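J.: Sending over a structure as structure tokens; questions will come in a sec.
The values are calculated or read from the model by the stated rules, or taken from the named source; none is laboratory data. Quantities reported herein were computed from a predicted structural model and do not represent experimental measurements. Don't worry about glycine lacking a Cβ; one is built from the backbone with ideal geometry, like all the others, and counts go over all protein chains shown. Heads up: the accessible areas ignore ligands, DNA and RNA and are worked out on the full protein's heavy atoms, side chains in. Shrake-Rupley method; radii C 1.70, N 1.55, O 1.52, S 1.80 Å.
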Amino acid sequence: MTSSPPPRATRAGIAEAVLEVLSERGADALSVRNVAAAAGVSVGAVQHHFPTRAALVTGAMDAVTAGFRARLSTALTDVDSAPRRLEVFCAELAALGDAGRRDAVVWTAFASRAGTDPDVREIHRREWALTEAGLQALLAAAYPDAGIDADDAGLVLAVLDGIAVARGAEGDERMSPDRGRRLIDATLAHFATRRGGRPAVTPPVEGAGLADEGRLG
């Protein structure tokens with residue numbers, strides 16, 4: 001006879017059950033009742049830690065963030081090279097590792113919730129701002145002559161986020177880990193040869209537009 005898995009009544013155990021429901025069944029299946037069944041506990045036990053659906057999503061994101069930081073800390077142990085530290089950070093954030101796809105599914109659900117929930121949106125904004133600042137520091141250390149600024153970090157972060165979303169939505173079919181790494185390498189490549197910051201953008205001539213371009217044809 002198959003035995004039932006042991007119940008997980010702690011906050012961490014229930015948060016893990018939230019991750020399972022989100023990653024295996026999708027955001028539509030996320031409910032207190034489904035999480036309780038996955039954790040092997042009562043509905044009341046779930047509500048004690050996560051009283052609302054929004055709290056479930058936030059709890060899942062907290063668990064993903066904690067896992068990301070733990071994996072990153074382990075991966076960066078004894079890594080002294082600034083380019084290598086950047087490489088490790090990018091691979092984790094782009095969800096290229098073993099736990100990446102599950103994390104990407106949860107992150108996408110959290111970002112979707114941020115569009116309609118002001119409290120979740122503030123958490124999303126705060127966490128992403130910290131991530132962008134950390135990425136900027138890593139880029140500046142890896143490419144000290146490139147004049148790295150916040151927009152550089154924003155560009156790389158957008159690429160990493162896009163790769164992670166693709167992996168969460170599609171798995172390896174279109175965005176395999178190898179392809180993700182190639183795209184990251186291509187994004188970072190121009191920093192290696194850039195000196196003194198990004199090229200200045202020439203402002204458009206006042207009054208110029210598509211109509212003027214058409215007259216040149």
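J.: Across region 120-178, what is the total count of residues that are among the β-branched types (Val, Ile, Thr) and touching a Ser or Thr at 6+ places or on another chain (Cβ under 7 Å)?
T.: Step one: filter region 120-178 for residues among the β-branched types (Val, Ile, Thr), giving 120, 123, 131, 148, 156, 159, 163, 165.
Those still in the list that are touching a Ser or Thr at 6+ places or on another chain (Cβ under 7 Å) too: 120, 123, 156, 159, 165.
Number of matching residues: 5.
J.: Please work out if Gly44 is free of Cβ contacts under 8 Å to residues at least 12 places away in the same chain, farther than 20 Å from Leu139 by Cβ and open to solvent by less than 50 Å² (accessible area, probe 1.4 Å). So that I can check it myself, show each step before the final result.
T.: Numbers: free of Cβ contacts under 8 Å to residues at least 12 places away in the same chain: yes; farther than 20 Å from Leu139 by Cβ: yes; open to solvent by less than 50 Å² (accessible area, probe 1.4 Å): yes.
It is true that Gly44 is free of Cβ contacts under 8 Å to residues at least 12 places away in the same chain, farther than 20 Å from Leu139 by Cβ and open to solvent by less than 50 Å² (accessible area, probe 1.4 Å).
J.: I'd like the full set of residues that are under 18 Å from Val106 (Cβ atoms), of a type outside the set (Gly, Ala, Ser) and in contact with a helix residue (DSSP H, G or I) (Cβ under 7 Å, 6 or more places away or on another chain), limited to region 158-192.
T.: If the condition is that a residue be under 18 Å from Val106 (Cβ atoms), of a type outside the set (Gly, Ala, Ser) and in contact with a helix residue (DSSP H, G or I) (Cβ under 7 Å, 6 or more places away or on another chain), then Leu160, Ile163, Val165, Arg167, Met175 are the ones that fit.
J.: Another question about this same structure. Pairs, please: C-beta under 7 Å, at least 6 apart or cross-chain, first residue under 26 Å from Leu139 (Cα atoms) and in region 91-119, second among the aromatic types (Phe, Trp, Tyr)?
T.: Partner pairs satisfying both residue conditions: Glu92/Phe68; Asp103/Phe68.
J.: Would you tally the residues in region 89-100 being surrounded by 18 or more Cβ atoms within 10 Å (Cβ to Cβ) and either part of a loop (DSSP other than H, G, I, E, B) or among the aliphatic types (A, V, I, L, M) (or both)? Can you show your working first?
T.: Of the residues in region 89-100, the ones surrounded by 18 or more Cβ atoms within 10 Å (Cβ to Cβ) are 89-96, 100.
Pick out the ones that are also either part of a loop (DSSP other than H, G, I, E, B) or among the aliphatic types (A, V, I, L, M) (or both) and you get 91, 93-96.
Here the count works out to 5.
J.: With among the acidic types (Asp, Glu) and surrounded by fewer than 16 Cβ atoms within 10 Å (Cβ to Cβ) as the only criterion, which of Asp103, Asp62, Asp80 stands out? Walk me through how you get there before you give the answer.
T.: Numbers: Asp103 fails: surrounded by fewer than 16 Cβ atoms within 10 Å (Cβ to Cβ); Asp62 fails: surrounded by fewer than 16 Cβ atoms within 10 Å (Cβ to Cβ).
Every option except Asp80 fails the conditions.
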